[in-house]
Amino acid sequence: MFAVYCREFKMVTHDVGIILFFMFLPLAYPIIYSLIYNPELVKDVSMVVVDHDRTALSRELVRKMDACDQAHVIGYATDLGDARRAIDSHKAYAILEIPEGFARKVGRNEASNAVMYCEMSLLLRYRGFLVASTNVMQEFSSELMTENIDRIAPLAETIATGDLLPVHNVSMGNIRNGFDSFIMPGVLILILQQCIVLAVGMAGGAQRESMRLTGYCSDNLAPSVFLTMVAQMLCYLTILVIPIIFMLHYVPLIFRFPMAGDALEIFAFILPMIFASFGLGFAFQSVVTERETVFVLWVATSLVFLLLSGLIWPMYDMLPVWRWLAGICPSTWGVEGFVKMNANGASLSQVSGPYLNLWILAVVWWVLGYCSRRWVVRPALMKLSSR
Amino acid sequence: MKEIRIADRGFRAIMLRSLVQIVRRPVYWTGFFIFPLFMFLFLTTMLEKGLPTRVPAAIVDRDGTSLSREITQNLGGMQMVDLKYTPNSFSEARHLMQKGEIYGYFLIPENFKADLLAGRKPVITFYTNMTYFVPASMLFKTFKATAVYAKAGIVMEVAQSAGVDAESLSSMMMPVNIAARPIGNPQLNYGIYIANSFVPCLLQLMIFLMTAFSIGQELKYGTSRRLMQMADGSIFKALAGKLLPQTVIWWVIVFFMTAWLYRYSHYPMHGSWGWMLLSEFMFVPACQGFALFVVCVLPNLRLSLSVCALIGILSFSIAAFSFPVPSMYPAMGIFSYIVPIRYNFLIYIDQALNGIDVAYSRMWFVAYIIFMLLPFTLLWRLKRDMNNPVYVP
């Protein structure tokens, strides 16, 4: 087994393609991705105002809106058509229309309505506008209400001195509500899985190819299929140790993602996912006849794994067929457990469900990987070598 | 790959050869048909509901009075939330969240009613697990609404007891109201965002890969020399014959995709079908042009495929389907404009979602043309390598 390990190590270090997967993918990809989303929040999105009222009150409303973190008033438009043109030419993403009589209604103790039209190309922008308008509305209303009540019945000090029932909200796990901190921890796990599967797949393709082109077969030396697989995995793991530590520990550190979990527990958790990914990679080898086909056959699956992980769309709301498919992907459970440990500070015992599933998957994929190596890859290699 | 024995030369022969190659290898079927079709089905069925409903949540009622029970009932009646648990303490609720049983919880403190009536201002707090953005945002909205209603009810009661008449109170509660009108997607359907951007982006990835793969194969196995002979030494003829059948296949697929998304799945189509179809049809050669350019720069199967895969996958983030370009670092945001899918996305927003005049999106169509013309700058390089293919394993 040690001989296989050494031979495999030599082969891998001489293969630029596989080294690329082992080095570039886990080292550069997390950084590029994190940089894209690193500003975390969508701030100061442009909007225009159509003010039919033109009173001190309406101007105050606009000022308050502009003062919000999320919105930025770029100017006044004369009418809705004008404002619409600003939206159409991609200069602004929302219109705040204040109707005539806005201040008068407030003065008469009637409810006054303003309308905000939001362009819906991106949900994050809409969300920002919604938060901004809700905050402005509440702030404005409680100010006016206190004033009014005080005027009508100058009594209730409880009301006059401000908020009777303060409401607080706390964002757990991702305290800044940032997009990077939301998506990246999951993506890190996906990158890890894909990196392993692609590299193992490519190694399988390379083996078949070198047989075909040069007649050299490395598998003939092997004592058994299973031991070869173990040796190969150990060899790849030796190379991957540093990238894995970098990805799971240093990338969150560099980009200030939530890191509430215990590092050792996280690595203990991720171990079966790594095993399962290797098993998946060995199973994948059965369809890889040439090294480059791994790109065509596997790269696009990243998207499927991402959507199945439950990060974007919650798992409980998926169709049973997709939930079942998600269940057999190592990444699903890996993402779920990692996010919970890393962001929500769950302990290993709290993610025992995903952890157990990962061990089961590791066994299942290894059995499938063994079958693929024993009954598909090996006969194919034998056939090639006898030719 | 074995040589295909077609004696005659010329354009038609090259096209036939290219088609036969596609038919013969399952890897081409996967790239051309299986992945795209699977993705159409996968994305549209997964996001069919538009928004997740009945998000699992919990309420921690430390007060246990009629008032706190009323709030619990109000919350439980909301459409978006499924009050699965009623833990006794904050820590219990937090453990449930850490285990993933719930996405958030609502906390009513001890002595809530008594404090409220005595004017000691108790605080209602709600917690949402923002590591799951979409369901947590739904919960946030529901929790906030519940808290605001509760507050309004209480303020009304207090004010009424102080002698304010009920009629003037109701308008006083919310004197200023800003109604948000989401234009083009009033149901806030999340599915249209994911499907309409991810499906074409996946197509871009597959077009990149298949273009680079099919040309790279010729270089790898040295069959490119024969291809050049068939084309009488004209690189233009060789590539056109090689890629045109693929273009036609992709056209069929994008036509199907457009129908699938906007007709079958009823995603918003507020503009003209014509411009949308034109955009999709131009998108295909634009992607092929981009991939061909990569092949020209790196005439090696492995390298060009790696680069295409890299860019194709990064496009899902860099093309800014969810996080807007102006919010990115300028040094990153600039890269969103180097991929064809960005323009496809912008045209989709203008034409399908917003349905505005095509003049506003004319520049995006020009960008497609630039992508198509891109490889012509370096074809001479590819010609040299096609004539002398070297495979570096």
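The values are calculated or read from the model by the stated rules, or taken from the named source; none is laboratory data. None of the values given here were measured: they were computed from a predicted structure. We place every Cβ from the backbone using ideal geometry, glycine too, and count neighbours over all the protein chains shown.
Checking the structure you have, find out if any residue of region A:92-105 is within 7 Å of chain B (Cβ to nearest Cβ), modelled with pLDDT of 90 or more, over 19 Å from A:Leu41 (Cβ atoms) and not in a loop (DSSP other than H, G, I, E, B). Checked against the condition, which is being within 7 Å of chain B (Cβ to nearest Cβ), modelled with pLDDT of 90 or more, over 19 Å from A:Leu41 (Cβ atoms) and not in a loop (DSSP other than H, G, I, E, B), region A:92-105 yields no hits at all. For region B:318-334, a residue qualifies if it is buried (at least 20 other Cβ atoms within 10 Å of the Cβ) and assigned to a helix (DSSP H, G or I), and the qualifying residues are B:Ile318, B:Ser327. Annotation: of all residues in region B:41-57 being surrounded by fewer than 21 Cβ atoms within 10 Å (Cβ to Cβ) and among the hydrophobic types (A, V, I, L, M, F, W, C), the one that is farthest from B:Phe213 (Cα to Cα) is B:Leu51.
Residues in region B:335-363 that are under 20 Å from the mean Cα position of the chain (by Cα) and not in a helix (DSSP H, G or I): B:Val339, B:Asn354, B:Gly355.
No other residue among B:Arg69, B:Arg94 is among the charged types (D, E, K, R) and surrounded by 18 or more Cβ atoms within 10 Å (Cβ to Cβ) apart from B:Arg94. The number of residues in region A:196-210 that are surrounded by fewer than 24 Cβ atoms within 10 Å (Cβ to Cβ) and not charged (D, E, K, R) comes to 4. Of the set (1) assigned to a helix (DSSP H, G or I); (2) touching a residue at least 24 places away in the same chain (Cβ under 8 Å); (3) more than 12 Å from chain B (Cβ to nearest Cβ), all apply to A:Val73 but (1).
Residues are listed down the side, and each one gets a yes or a no for (1) within 21 Å of A:Met247 (Cα to Cα); (2) modelled with pLDDT of 90 or more; (3) within 36 Å of the chain's Cα centre (by Cα):
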{"position": "A:Gly17", "(1), (2), (3)": "yes, no, yes"}
{"position": "A:Pro26", "(1), (2), (3)": "yes, no, yes"}
{"position": "A:Ile32", "(1), (2), (3)": "yes, yes, yes"}
{"position": "A:Glu40", "(1), (2), (3)": "yes, no, yes"}
{"position": "A:Met47", "(1), (2), (3)": "no, yes, yes"}
{"position": "A:Val50", "(1), (2), (3)": "no, yes, no"}
{"position": "A:Ala56", "(1), (2), (3)": "no, yes, no"}
{"position": "A:Glu60", "(1), (2), (3)": "no, yes, no"}
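For region B:181-191, the criterion of being of a type in the set (S, T, N, Q) and in a helix (DSSP H, G or I) is satisfied by no residue at all. Residues being facing chain B (nearest Cβ under 9 Å) and either outside any loop (DSSP other than H, G, I, E, B) or among the aliphatic types (A, V, I, L, M) (or both) are represented in region A:280-289 by at least one member.
Every residue, every condition in (1) in contact (Cβ under 8 Å) with a residue 60 or more places away in the chain; (2) outside the structural domain of B:Gly76 (by TED's automatic domain parsing), yes or no:
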| position | (1), (2) |
| --- | --- |
| B:Pro122 | no, no |
| B:Thr125 | no, no |
| B:Ser137 | no, no |
| B:Ala145 | yes, no |
| B:Val148 | no, no |
| B:Lys151 | no, no |
| B:Val155 | no, no |
| B:Ser161 | no, no |
| B:Ala180 | no, yes |
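Right, A:Trp313: in contact (Cβ under 8 Å) with a residue 40 or more places away in the chain, on the phi < 0 side of the Ramachandran plot and buried (at least 19 other Cβ atoms within 10 Å of the Cβ) or not? When the stated conditions are applied, A:Trp313 does not pass them. The set of residues in region B:215-234 that are part of a helix (DSSP H, G or I) and in contact with a Phe, Trp or Tyr (Cβ under 8 Å, 6 or more places away or on another chain) comprises B:Leu219, B:Lys220. With the structure loaded, tell me whether B:Ile194 is at pLDDT below 90, outside the structural domain of B:Asp61 (by TED's automatic domain parsing) and either buried (at least 22 other Cβ atoms within 10 Å of the Cβ) or closer than 30 Å to A:Asn177 by Cα (or both) or whether it fails that test. Considered against the rule, which asks whether it is at pLDDT below 90, outside the structural domain of B:Asp61 (by TED's automatic domain parsing) and either buried (at least 22 other Cβ atoms within 10 Å of the Cβ) or closer than 30 Å to A:Asn177 by Cα (or both), B:Ile194 comes out as yes. Quick check on region B:252-271. Is at least one of its residues closer than 30 Å to A:Lys43 by Cβ, within 14 Å of chain A (Cβ to nearest Cβ) and hydroxyl-bearing (Ser, Thr, Tyr)? Looking for residues that are closer than 30 Å to A:Lys43 by Cβ, within 14 Å of chain A (Cβ to nearest Cβ) and hydroxyl-bearing (Ser, Thr, Tyr), one finds at least one in region B:252-271, hence yes. Restricting attention to region A:290-325, the residues that are in a helix (DSSP H, G or I) and of a type in the set (D, E, K, R) add up to 2. Among the conditions (1) more than 27 Å from B:Pro330 (Cα to Cα); (2) crowded, with 21+ Cβ neighbours inside 10 Å; (3) among the polar types (S, T, N, Q); (4) within 9 Å of another protein chain (Cβ to nearest Cβ), A:Ser58 misses just one, which is (4). Within the set B:Ser317, B:Ser327, B:Ser322, the sole residue that is within 9 Å of chain A (Cβ to nearest Cβ), small (Gly, Ala, Ser), closer than 30 Å to B:Gln187 by Cβ and in contact with a Pro (Cβ under 7 Å, 6 or more places away or on another chain) turns out to be B:Ser327. Exactly one residue out of B:Leu378, B:Leu314, B:Leu382, B:Leu353 is surrounded by fewer than 21 Cβ atoms within 10 Å (Cβ to Cβ), in contact (Cβ under 8 Å) with a residue 40 or more places away in the chain and of a type outside the set (Ser, Thr, Tyr): that is B:Leu378. Only a single criterion out of (1) part of a helix (DSSP H, G or I); (2) buried (at least 18 other Cβ atoms within 10 Å of the Cβ) is not satisfied by B:Trp29, namely (2). Looking across B:Ile34, B:Ile22, one residue alone is free of Cβ contacts under 8 Å to residues at least 60 places away in the same chain, in a helix (DSSP H, G or I) and within 13 Å of chain A (Cβ to nearest Cβ). It is B:Ile34.
Annotation: of all residues in region B:155-172 being part of a helix (DSSP H, G or I) and either more than 7 Å from chain A (Cβ to nearest Cβ) or among the basic types (Lys, Arg) (or both), the one that is farthest from A:Met318 (Cα to Cα) is B:Ser161. I'd like to know if region A:5-16 contains one or more residues that are under 24 Å from A:Leu198 (Cα atoms), among the acidic types (Asp, Glu) and crowded, with 16+ Cβ neighbours inside 10 Å. Within region A:5-16 (the criterion being under 24 Å from A:Leu198 (Cα atoms), among the acidic types (Asp, Glu) and crowded, with 16+ Cβ neighbours inside 10 Å), the answer is yes, since at least one residue qualifies. The residues listed here are B:Ala152, B:Ala114; of these, the one that is aliphatic (A, V, I, L, M) and more than 13 Å from chain A (Cβ to nearest Cβ) is B:Ala114.
Does region B:271-282 hold any residues that are over 13 Å from B:Leu373 (Cα atoms) and in contact with a Phe, Trp or Tyr (Cβ under 9 Å, 6 or more places away or on another chain), and which are they?
Result: B:Trp273, B:Trp275, B:Met276, B:Leu277, B:Leu278, B:Ser279, B:Glu280, B:Phe281.
Out of everything in region B:210-245 that is touching a helix residue (DSSP H, G or I) at 6+ places or on another chain (Cβ under 8 Å) and basic (Lys, Arg), what residue ends up being nearest to B:Cys287 (Cα to Cα)? In this case the residue turns out to be B:Lys242. Exactly one residue among A:Arg291, A:Arg323 is over 16 Å from the mean Cα position of the chain (by Cα) and either closer than 22 Å to B:Asn129 by Cβ or not assigned by TED's automatic domain parsing to the domain that holds A:Ser372 (or both), and that residue is A:Arg323. Of all residues in region B:84-104, those being more than 9 Å from chain A (Cβ to nearest Cβ) and either among the β-branched types (Val, Ile, Thr) or within 16 Å of B:Arg62 (Cα to Cα) (or both) number 10.
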